[in-house]
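What follows is one structure encoded as structure tokens, with my remarks underneath.
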């Protein structure tokens with residue numbers, strides 16, 4: 001990420017009461033200096049370390065930090081991620097916000113890397129979705145990228161994805177695609193969500209560039225892939241819905257011949273990576 005979301009980090013510090021940490025203010029002298037390290041307590045892929053370190057500096061600009069790993073790097077349990085020094089109050093009061101960002105984002109990167117490994121060698125790419133935490137989308141999608149995944153649309157203005165409710169509101173697949181063609185640049189790809197083979201055929205007739213195969217069992221996925229490859233081999237195929245991050249399930253879906261697998265679980269269900277701050 002080229003620029004840190006300083007306003008977001010500061011808001012998190014305010015939310016946590018870090019500027020008036022009663023416990024720390026009561027127990028730690030204002031002049032006390034501290035030295036600490038950020039540690040990984042389990043193996044995983046690091047994401048959000050610059051964000052975590054910025055939390056300490058935003059609370060007190062006198063805090064100095066040294067990152068010992070880079071975002072996107074795989075670490076092992078007990079590995080030191082960064083060193084910190086400065087006013088002890090700032091190190092203690094910013095601790096939870098820093099660890100929240102680091103653990104959450106590293107958890108996303110770690111889960112994404114696990115999913116990417118599950119489909120290695122198939123040519124299938126793992127995509128995220130818009131099922132992100134409000135306000136954290138940029139950070140969470142960057143964490144997906146650091147884990148080896150690929151970002152789908154960042155927002156609704158980034159691409160065309162005609163879903164079932166759009167189709168109903170527009171009066172059918174053909175009407176929806178035709179309406180989009182009249183409104184958007186010709187270079188923009190149009191993706192249509194389909195749940196049945198009849199819907200896949202309708203999307204092909206309408207001239208869809210990408211077809212999202214939603215909530216299909218493996219046998220139906222294989223049939224849909226075979227249909228599209230036979231009639232329109234240039235159309236890209238995305239599998240989504242009910243897949244989850246299980247490696248065996250991912251490998252099986254990848255084996256059907258789709259181009260992409262998208263998972264909301266990457267951002268909405270990734271377990272935190274266990275990280276900690278320890279005073280020296």
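Numerical summary
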{"item": "Qualifying residue in segment 105-113 (condition: modelled with pLDDT of 95 or more and more than 30 Å from residue 124 (Cβ to Cβ))", "result": "no"}
{"item": "Qualifying residues in segment 182-205 (those that are surrounded by 14 or more Cβ atoms within 10 Å (Cβ to Cβ) and under 21 Å from residue 158 (Cα atoms)) - the one modelled with the lowest pLDDT", "result": "190"}
{"item": "Tally, over segment 104-123, of residues that are out of contact with any strand residue (DSSP E or B) (no Cβ under 6 Å at 6 or more places or on another chain), assigned to a helix (DSSP H, G or I) and without any contact (Cβ under 8 Å) to a residue 60 or more places away in the chain", "result": "1"}
{"item": "Meets criteria (surrounded by fewer than 16 Cβ atoms within 10 Å (Cβ to Cβ), under 29 Å from the mean Cα position of the chain (by Cα) and within 24 Å of residue 252 (Cβ to Cβ)) for residue 163", "result": "no"}
{"item": "Subset of segment 137-151 [over 16 Å from residue 244 (Cα atoms) and buried (at least 20 other Cβ atoms within 10 Å of the Cβ)]", "result": "139, 140, 141, 142, 143, 146, 147"}
{"item": "Residue among 232, 270, 252 that alone is touching a helix residue (DSSP H, G or I) at 6+ places or on another chain (Cβ under 7 Å), surrounded by 14 or more Cβ atoms within 10 Å (Cβ to Cβ), under 15 Å from residue 119 (Cα atoms) and at pLDDT 95 or above", "result": "252"}
{"item": "Tally, over segment 242-252, of residues that are in contact with a strand residue (DSSP E or B) (Cβ under 9 Å, 6 or more places away or on another chain) and either at positive phi or touching a residue at least 60 places away in the same chain (Cβ under 8 Å) (or both)", "result": "2"}
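The values are calculated or read from the model by the stated rules, or taken from the named source; none is laboratory data. What you are looking at is a predicted structure, and each value in this text was computed from that prediction instead of being measured. Every residue, glycine among them, receives a Cβ derived from its backbone with ideal geometry; neighbour counts consider all protein chains shown.
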